[in-house]
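Below is one structure, written out as structure tokens; comments come after it.
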Amino acid sequence: MCRFINSILALTTVAGLGGAAVATRSSSIEGVWRAVEVTTTGPEGRTIGSLQPNLSIITAKHYSHIEIHSEGPRPPLTDAAKASAEELRQAWGPVAAEAGSYDVSRGDFVTHPVVAKNPLSQGAFTAYGYRISGDTMWLTPQRNERGAVRNPPTIKFTRVE
């Protein structure tokens with residue numbers, strides 16, 4: 001699921017609801033976004049409405065996304081140099097981050113990570129179907145370098161600025 005929400009970020013971003021963004025601020029993909037809801041599909045589908053901190057920034061040609069994938073707040077590290085491997089995993093494991101370029105093609109928002117917490121993401125791509133209505137955006141991963149995404153989640157974002 002972490003890989004699907006990445007480029008959330010924000011990066012981040014609807015199954016079957018692709019569409020090109022128009023150049024006005026309220027319908028432009030450019031901006032600062034916060035994921036507020038994730039709806040998963042498949043046999044154990046559910047909607048998660050209280051997400052941990054996250055932020056996606058989309059400029060004219062690039063994006064940056066960072067988010068926390070955990071059910072609750074992460075434990076604070078008082079001294080990272082003295083922390084156990086398990087303490088480090090609990091604090092830093094849920095962090096997802098990547099940045100790179102993107103393009104909008106055939107109704108898809110396609111991310112191309114240049115730098116990422118997970119090195120396997122670098123040089124890969126994810127194509128999202130997307131829809132924007134006012135200050136709300138929905139993204140659903142459709143395919144990536146491995147092929148079609150099975151049971152894709154839909155991420156709902158609100159514009160921060």
Completion exercise
Taking a straight Cα-to-Cα line shorter than 16 Å from residue 61, and setting aside same-chain lysines fewer than 8 residues away, one finds none
Practice task
Treating cross-link reach as a plain straight distance, find the lysines whose alpha-carbon is under 27 Å from the alpha-carbon of residue 82, omitting any fewer than eight places away in the same chain.
Solution key: 117
Practice task
Jot down the radius of gyration and Dmax of region 29-75, Cα atoms only, both in angstrom.
Solution key: 13.0, 38
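Go through 117-125, 131-139, 69-77 and give me the packing order, highest mean Cβ count within 10 Å leading.
Highest mean packing first, the order is 131-139, 117-125, 69-77.
Over its Cα atoms, what ratio of radius of gyration to 2.2 N^0.38 Å does region 39-161 give? Show your work: numbers first, answer last.
Values: Rg = 16.0 Å, N = 123, 2.2 N^0.38 = 13.7 Å.
Rg over 2.2 N^0.38 Å, computed on Cα atoms: 1.17.
Readers should treat all values here as calculations from the given coordinates under stated rules, not as data from a laboratory. No experiment lies behind these values; they were computed from the predicted model shown. Using ideal geometry, Cβ is built from the backbone for each residue, glycine included, and neighbour counts are taken over all protein chains shown.
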